[in-house]
Each structure stands twice: as C-alpha cells, then as structure tokens.
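Colleague: Quick one: this structure, given as structure tokens, is what I'll be asking you about.
Since every read-out is calculated from the coordinates, none of them should be taken as a lab result. This structure is a prediction, so every number in the text was calculated from the model and none was measured. All Cβ positions, glycine included, derive from the backbone under ideal geometry; neighbour counts span all protein chains shown.
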Amino acid sequence: MGHLSDAAAIGGIAIGTMLFDLLYWNFGFLRVGTSGLTAQAYGKGQRDDVRCTKVPEECRKILTQGLTIAVMAAGAILAIQSLFVTAVLAVVPCSEETADIARTYFYARVWAAPATLMLFTFKGWFIGMQDTKSPMAVDIVVNVVNMAASYYLAVCTSMGVLGVAYGTVFAQCTGLLLAILIMVFKYRIVHIGLMEILAAMKWQEIKQMTALNGNLFIRSLCFMVVYVGYTSLASQYGDTELAVSSILMKLFMFFSYFVDGFAYAGEALVGKAFGENLSPICSTGCHRQSDRAELFTRSREGDKLNVVVRALFKWSIGVGLVFSAVYAVWGEECMALMTNNADVLEAVQPYIGWLIAMPIVSALAFMWDGVFVGATAGKQIRNAMIWAAVGFVVLYVTTYRFAGAQALYIAYFAHLAARVVYLTIAWKDVKLSNE
C-alpha cells in the first residue's frame, strides 16, 4: 500500500493493525504460556533420558487447553467486532478517510481471528516440545502466502486495502491447516474429543495455566499501552507522521524476527532445564536418586543453563549489531522499499538515527523475554512490562512539549531499556530458584 496509495491509506492500515494489536496482545499468553508450560512438562519426562507415560498426556492436555481457549476467544472477538471498532475509533484521532480505510481493513481481516489465535497455541506448543522446525515451516508458509496473496489481490485486482486484508485471512487459514497436518502426522494426535476438552478444562487442570496467564495478561495490557499508544500518539501529528511512524515500527520489528529465533530457543531450552530440575520425577515412580546424586545433577543442569543463556545472548547481540550496521548504511534504501511517497520519505529523515539505535537494546529485551518465558517466571515478566509501560508514558509526557514527534521514539527506546534493566536484575533470583 505504500507504493499504491497516499499517506492516508498507509495510516489506515496502521490504525487497522493497531485494532488487531489491541485484541491479539491480550491473547499473547496463548503462545507464551503454552510454550513455557509445555517445555517444562517435556523436561520432566526427559530428565536423565527417562520417559514417563504421563508426560505426553500432560503435553497433550496443555495443547487441548490452549486450543479450546483460542476458539472461545475468537468467538468473543467476532461477536464484539462492531462495538469494538466503533469504541476505539471514537478515541483515536485520525482523519475520516483514514478511519474509513481502517474499518474496511478490520472488518475483512477479523475473520482470520480463529486461525490466528489457534496458531498462537500451536506455535507455543511446538516450541515447548523442543521442535523449532515446525513453527518455522508454518511461519514461512504463512508469510510467503500472505505476501503473494496480498500482492495479487491488492495490485492485480481492484480490491486495494481489502486485498491486503483478505490475503492475510487466506494466509492464516493456510498456516492453520499446515499446523493441524503436523499435529496429525508428526505427533499422531488425530483428534481432540469433547470429553478430552472437558477434562482438560477442569479447574484443577488449568490452575497453573491460569496463574501464569494472569500475569501474562497484565503484561499484554502493558504492551498495549506502549504499542497502541505509539500509534495513537503518532496519529495526532497528522497522516504523514502516522505513515512515518508505521513504517519505522515495521523496520524496528523486522529485525526482531531474526532475534525471535533465539528467543524461542531460550523458551524451549530454559523451560526444559527448569522442568528437569524443579519437578522430581520420583513422585511418578519412574526415577529415584540419592540426595547426593540429585544435588550433582541439579548443579550440572545449572551450569548447562548458564552456558545456554550466555550463548543465546551472544547470538542475539550479534544479530542486533548486524541490523544496526545495515540500517546505518542502507537506512534510506530500506525506507524506500516500504514506500515511494515523496512526502513520507522526506519526513522520515529526522528519525533515521532511531532506526540505527533500536536493534541492540531490542535484541536484549526480546532475548530476556524468551529466557523468562521458559522459566515461567510470570511475576517478573509482568513487572518488567509494568515498569516499561510507566517508562514509556513518563518519557513521552516529559519530552513531547519540546521534542515533538521525536518524543515517541524517546519513549519507545526508554520502554525497551526498562525491560532490559529490570529483567537483568531479576534473573539472579529466578536462576537460584532452579538450582
């Protein structure tokens, strides 16, 4: 759309995307919570290469819980869609043209909600099962289909913005079909029956997931304060600045997909290590050790955990440095790939420095998120985002009068720094709880 339309269309899709952020951030726990809990359940059965028959059942139960919640949540989204759009656009300052484009985009793309939320669960479950190839395959298929379908429908037909939305719907449904095929043929889960769903949704079965997801839900609300606040505040500066902020955010987040690979590895490996250490398998009658051997094993696993975390951070920092260098050399060219609108390209010039600075601090924040998710340290994850949201609001309020739109990027950088500082300090106590 950056090459086909004016700033209002780019802004309209930015607002439309923000509407989905408002919805989907609240259900981020479906991926994050499922990943951490599944990894720990997997670790319980893998300790010293001992496999208990109960572990596959526990992992399957977590998948059933996540998919059931995803379907229920999608039904709620579809039921309230009109009320939701009306309420949000009533408080978001933007031109009527931009608002109309946002509505058009939202009402078409919202039909992907069931597939999107179920994919959250599948992705988290695959990662928790130490299987990063399956979510990689799903992501590649979803993104390739999304690009191809959106381009064809938007450019080769007269659909325009609707083509971008329907391309996303088609891509999400394609990804869901692939995830189901992986579940059937790789994990031999042919179906999930009604009785299995009812059993998995009993309170005693979902208590751990509920406790973790409660903290993750608060975390999601804080994410909304930052990311939705970023778009809403940008809209106050006009359609051109809204388009600039939207494109910059896409470039901020583009590199994060490379770091996410290591963050997901952190979820899987750290979760596995915590599962091996925190839950004594002898309670199932599968494995018993002397106290001395137990202490030795835990010490060994603690050392392995340190090695894993250090290695993950080296890789993530390396990715951040590479992208900072790329943006420093080809930042303007990257912007030109996103749009050929002359006004937008001119307006973005004062913000290129932020494009260069963001990757390093972002890499650290995303990597810590992965480590703490694997440890299912919900309290620390929640508190980090609370401080981050506070930092975002405080920095914007104190700088916008003299910095103008630059205050958006000052505040966004501050929220990343707050996450890094808090989680770095909190890691010592979380790690000790595992040793």
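Colleague: Stretched out fully, how many nm does the piece from Val184 to Ala417 gain, at 0.36 nm a residue minus the Cα gap?
Modeller: Details: separation 233, 0.36 × 233 = 83.88 nm, distance 4.22 nm.
The Val184-Ala417 span can extend by a further 79.7 nm.
Colleague: Now for a separate question. Can you order the peptides 96-103, 144-151 by their average number of other Cβ atoms within 10 Å per residue, highest first? Working shown, then result.
Modeller: Details: 96-103: 19.4, 144-151: 15.9.
For the peptides 96-103, 144-151, the packing ranking is 96-103, 144-151.
Colleague: Could you give the C-alpha radius of gyration of the range 63-128 expressed as a fraction of 2.2 N^0.38 Å, taking N as the number of residues it contains? All intermediate terms of the calculation are to be shown ahead of the outcome.
Modeller: Working: Rg = 14.8 Å, N = 66, 2.2 N^0.38 = 10.8 Å.
Against the compact-globule rule of thumb, the ratio is 1.37.
Colleague: Given the peptides 131-137, 87-93, 25-31, arrange them by the average over their residues of other C-beta atoms within 10 Å, most packed first. Before the final figure, lay out each step's value.
Modeller: Working: 131-137: 16.4, 87-93: 13.7, 25-31: 22.6.
The peptides rank, most packed first, as 25-31, 131-137, 87-93.
Colleague: Sticking with this one: Can you work out the Karplus-derived ³J(HN,Hα) for every residue in the range 158-166? Use 6.51 cos²θ - 1.76 cosθ + 1.60 with θ = phi - 60°, whole Hz, and x for glycine or proline.
Modeller: Each residue of the range 158-166 in turn: 9, 6, x, 4, 4, x, 4, 5, 5 Hz.
Colleague: Follow-up question, since we're still on this one. In whole Hz, what ³J(HN,Hα) sequence does the range 102-114 give by Karplus (6.51, -1.76, 1.60; θ = phi - 60°), x for Gly and Pro?
Modeller: 4, 4, 4, 4, 5, 5, 7, 6, 4, 6, 8, 3, x
Colleague: Turning to a different aspect of this structure: Could you tell me whether the range 59-199 comes out rounded, prolate or oblate from its Cα gyration tensor? Rule is a ≥ b ≥ c as square roots of the eigenvalues, rounded for a/c under 1.5, then prolate if a/b exceeds b/c, otherwise oblate. Provide the component values of the computation, followed by the final result.
Modeller: Details: a/c = 2.81, a/b = 1.57, b/c = 1.79.
Oblate.
Colleague: Can I ask one more? On a full-extension model of 0.36 nm per residue, what is the gain between Lys428 and Ile352, subtracting their alpha-carbon distance, rounded to one decimal in nm? Spell out each step's value before the answer.
Modeller: Details: separation 76, 0.36 × 76 = 27.36 nm, distance 3.59 nm.
Full extension from Lys428 to Ile352 adds 23.8 nm.
Colleague: Sticking with this structure for a sec: For labels at Leu194 and Val326 in the simple 7 Å Cα→Cβ model, what's the distance in nm?
Modeller: The modelled label-to-label distance comes out at 5.0 nm.
Colleague: In this model, which of Lys186/Lys272; Lys250/Lys272; Lys186/Lys431; Lys61/Lys379; Lys61/Lys428 are farther than 27 Å apart at the alpha-carbon? Could the numbers behind the result be given before it?
Modeller: Working: Lys186/Lys272 20 Å; Lys250/Lys272 32 Å; Lys186/Lys431 33 Å; Lys61/Lys379 24 Å; Lys61/Lys428 31 Å.
Flagged as over cut-off: Lys250/Lys272; Lys186/Lys431; Lys61/Lys428.
Colleague: Right, next: Return, for the Cα atoms of the chain, the radius of gyration and Dmax in Å, separated by a comma.
Modeller: 22.3, 72
Colleague: Could you list which residues have their amide H under 5 Å from that of Tyr237, counting only those 5 or more apart in sequence or on another chain, with H placed in the peptide plane?
Modeller: Those qualifying (amide H under 5 Å, at least 5 residues apart or on another chain) number zero.
Colleague: When the Karplus curve 6.51 cos²θ - 1.76 cosθ + 1.60 is applied with θ = phi - 60°, which whole-Hz ³J(HN,Hα) does each residue of the range 390-401 get, with x for Gly and Pro?
Modeller: Each residue's phi maps through the Karplus curve to give 4, x, 4, 5, 4, 5, 5, 4, 8, 10, 5, 5 Hz.
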